[in-house]
Amino acid sequence: MYAIVEINGQQFKVVQGAKMFVHHIKNAESGTTVEFDKVLLVEADGVITVGTPTVEGAKVVCEIVSPLVKGEKVLIFHKKRRKGHRKLNGHRQQFTEVNITEIIA
């Protein structure tokens with residue numbers, strides 16, 4: 001059984017028992033449960049249910065493992081030729097680690 005769910009504006013394919021990283025969820029605490037009800041598609045025993053736009057009564061229950069995880073550093077380098085202009089900037093994206101406990105369809 002799997003589902004496609006929208007979390008913070010991004011779509012994820014989720015399977016029960018899987019751990020995944022999603023964009024940072026504000027006011028999240030470790031050990032709490034979160035429910036996502038924007039389920040776009042559900043597959044159960046070979047039967048696929050597609051929502052218009054979401055599946056009625058379907059939700060994904062997740063447990064927050066770690067509320068704030070930083071991703072790898074991405075370096076952004078700007079240079080203008082023959083001007084002596086160089087700029088180096090870095091960024092680390094913030095994620096939340098969640099464990100998919102249940103898919104209710």
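The values are calculated or read from the model by the stated rules, or taken from the named source; none is laboratory data. All of these numbers come straight from a predicted model, not from anything done at the bench. FYI the Cβ positions are ideal-geometry reconstructions off the backbone, even for glycines, and counts take in every protein chain you see. The accessibility values were calculated without ligands, DNA or RNA, using every heavy atom of the protein model including side chains. Shrake-Rupley method; radii C 1.70, N 1.55, O 1.52, S 1.80 Å.
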Could you look through segment 4-57, keep only residues that are under 13 Å from GLU102 (Cα atoms) and touching an Asp or Glu at 6+ places or on another chain (Cβ under 7 Å), and pick out the one that is most open to solvent (accessible area, probe 1.4 Å)?
LYS19
Within segment 60-105, track down each residue that is open to solvent by 80 Å² or more (accessible area, probe 1.4 Å), closer than 25 Å to GLU35 by Cβ and charged (D, E, K, R).
GLU102
Could you please give the count of residues in segment 2-17 that are farther than 19 Å from VAL65 by Cα and of a type in the set (A, V, I, L, M, F, W, C)?
2
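Restricting to segment 1-50, name every residue that is in contact with a His (Cβ under 9 Å, 6 or more places away or on another chain) and either touching a residue at least 24 places away in the same chain (Cβ under 8 Å) or assigned to a strand (DSSP E or B) (or both). Break it down stepwise before answering.
So the first thing to find is which residues in segment 1-50 are in contact with a His (Cβ under 9 Å, 6 or more places away or on another chain), and the list is 7-10.
Selection gives ILE7, GLN10.
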Please identify the pairs in which a residue from segment 64-81 that is under 16 Å from VAL22 (Cβ atoms) and free of Cβ contacts under 8 Å to residues at least 40 places away in the same chain has its Cβ atom under 8 Å from the Cβ atom of a residue that is of a type in the set (Val, Ile, Thr) and open to solvent by less than 40 Å² (accessible area, probe 1.4 Å), counting only partners at least 6 apart or on another chain.
ILE64/ILE25; ILE64/VAL34; ILE64/THR96; ILE64/VAL98; SER66/THR96
